[in-house]
Amino acid sequence: MSTKRLTLAAFFMALMIILSSSVFSIPVPGGHFYFNTILIFLVTLYFQPMEVVIIAGLGSFLGDFFFYPAPMFVTLVTHSLQVLVIALILKNSRAPFLKTKVIAAFILGGIIDLLGYFLGRSFVYATPAYAILKLPFDGFAVILGAVVAYFIYYHTPFSKMMEKALKD
């Protein structure tokens, strides 16, 4: 891994931790809406599978560890599996990725996110009733995160900047 790639990965991981705090969230019934969901989807489009697990999975875990530790292990497992699946689907493709492939990967990743947090809230640190209450907000967060990441990737100069920065 080149120094530039490692530095960018560290930057995105730090951003993931910061965006996991309640300072950068919107209160909703049963918790908060976190903006790190956008970044979770976005990093899958630029980094390799194991890199995204460290950036998004471990980064989200550390964010919970520092700011709200109760769900940190659910977050670690859920986001790690989510980004790993998305990155593996996209791994053998060349950038820019086919839009249909990105949409399919994001849908599968979103399902993993929703299922992981539903199970985590139901059986690990809350109740099924709480998990059901939070499900619409989690669904909204997944959809918003995927749509914004898709927009950034296909409709802004950010992708060209990332491609240039990640060249070894």
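Some observations on this one:
- Tally, over segment 53-72, of residues that are under 11 Å from the mean Cα position of the chain (by Cα) and among the small types (Gly, Ala, Ser): 4
- Scanning segment 46-74 for residues that are free of Cβ contacts under 8 Å to residues at least 40 places away in the same chain and crowded, with 17+ Cβ neighbours inside 10 Å yields VAL52, VAL53, GLY57, PHE61, MET72.
- The one condition in (1) closer than 19 Å to TYR154 by Cβ; (2) modelled with pLDDT of 95 or more; (3) out of contact with any Phe, Trp or Tyr (no Cβ under 9 Å at 6 or more places or on another chain) that VAL102 fails to fulfil: (3)
- Any chance VAL83 is touching a Gly at 6+ places or on another chain (Cβ under 8 Å) and aliphatic (A, V, I, L, M): yes
- Yes/no for VAL23 being under 25 Å from PHE151 (Cα atoms) and either touching a Pro at 6+ places or on another chain (Cβ under 9 Å) or surrounded by 24 or more Cβ atoms within 10 Å (Cβ to Cβ) (or both): no
The values are calculated or read from the model by the stated rules, or taken from the named source; none is laboratory data. In this text, all values refer to a predicted model and were calculated from it rather than measured experimentally. Note that each Cβ is placed from the backbone with ideal geometry, even for glycine, and that neighbours are counted across all protein chains shown.
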